[in-house]
1. Could you provide, to the nearest whole Å², the per residue accessible area of the protein assembly as shown with probe 1.4 Å?
2. Carbon and sulfur: what percent of chain B's accessible surface (1.4 Å probe)?
3. Working from the alpha-carbon coordinates of chain A, get Rg over Rh, Rh being the Kirkwood radius.
4. Order the following by accessible area, largest value first: B:W8, B:W56. Probe radius 1.4 Å; ligands, DNA and RNA are ignored.
5. Chains B and A: how much accessible area gets covered up at their contact, both sides added, probe 1.4 Å, in Å² to the nearest hundred?
6. On C-alpha positions alone, give me the angle between the axis of helix B:13-27 and the longest principal axis of chain B, in degrees, nearest 10.
7. Once the Cα atoms of helix A:48-61 and of chain A are each reduced to a long axis, what angle between those two axes, in degrees from 0 to 90 to the nearest 10, is obtained?
8. At 1.4 Å probe size, put B:C69, A:C58 in order of accessible surface, largest to smallest.
Amino acid sequence: MNRARRIPLPPPSPDGKRISLGTAYQPKLAAALDAYQDAVVLLAALDPVTTELVRLRCARYHDCHT
Amino acid sequence: MGLHRESWAAVDPVILELCRLRIAMLLGDQEEQARRSPGATAAGFDEAKAGELARWADSPRFSAAERACLAFAEQFVVQVSGMTEADTGAVLEHLSPAQLYGLATAILALDGHQRLRLALARVLGDPGVAQ
């Protein structure tokens, strides 16, 4: 596992709030990715428990902590 | 799909086409290897590069930026959790952080698309997907 920051963080907004990488760098692409992931999560072909197991397995494989 | 459209809009189409084709080679997706993306063709994609893609690391046809992006794509496909600062740093010598974010997201979309196609064809035997 590698915990290093891989893409530099964007500067915070004028009010000091952190801005996500996608919002700061590629807002249209980030919105499209969000829409895709939302659609996947809303699929109903699998039961919720199996869906969650698959999601967690993918998160571990991708070293994703969010 | 919006994700694919925005991916091609966010990344240099020639670099993304090289990455798409390399992903297809690594995954064994022959249909994806055979086709060409319209954006890349319009941008003057060099077919000679496609012919030498298996040896991009030492072929003089590829620029340093293309090599860094192809190495990034390979690491993403083979073991994305093993991605290091050295991998992203090599890309950041040629692309901005915003462009790297775009490349990473685009590769995620392309890799996922090709894996899903292959799974449908080979595991589920979907006749609507060419093997």
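1. Values: 11200 Å² over 197 residues.
Here the per-residue accessible area is 57 Å².
2. Values: 3270 of 5970 Å².
Here carbon and sulfur together make up 55 percent of the probe-accessible area.
3. Numbers: Rg = 15.1 Å, Rh = 14.3 Å.
Result: Rg/Rh = 1.06.
4. Values: B:W8 60, B:W56 30 Å².
The most accessible residue leads, giving B:W8, B:W56.
5. Numbers: alone 6900 and 6170 Å², together 11200 Å².
Heavy-atom accessible area buried at this interface is about 1900 Å².
6. 50 degrees
7. 50 degrees
8. On the way: B:C69 0, A:C58 65 Å².
Heavy-atom accessible area, descending, gives A:C58, B:C69.
The values are calculated or read from the model by the stated rules, or taken from the named source; none is laboratory data. Just so we're clear, the structure is a prediction, and the values are computed from it rather than from any experiment. Cβ atoms come from the backbone with ideal geometry, glycine included; neighbour counts cover every protein chain shown. Ligands, DNA and RNA are excluded from the accessible area calculation, which covers all protein heavy atoms including side chains. Shrake-Rupley method; radii C 1.70, N 1.55, O 1.52, S 1.80 Å.
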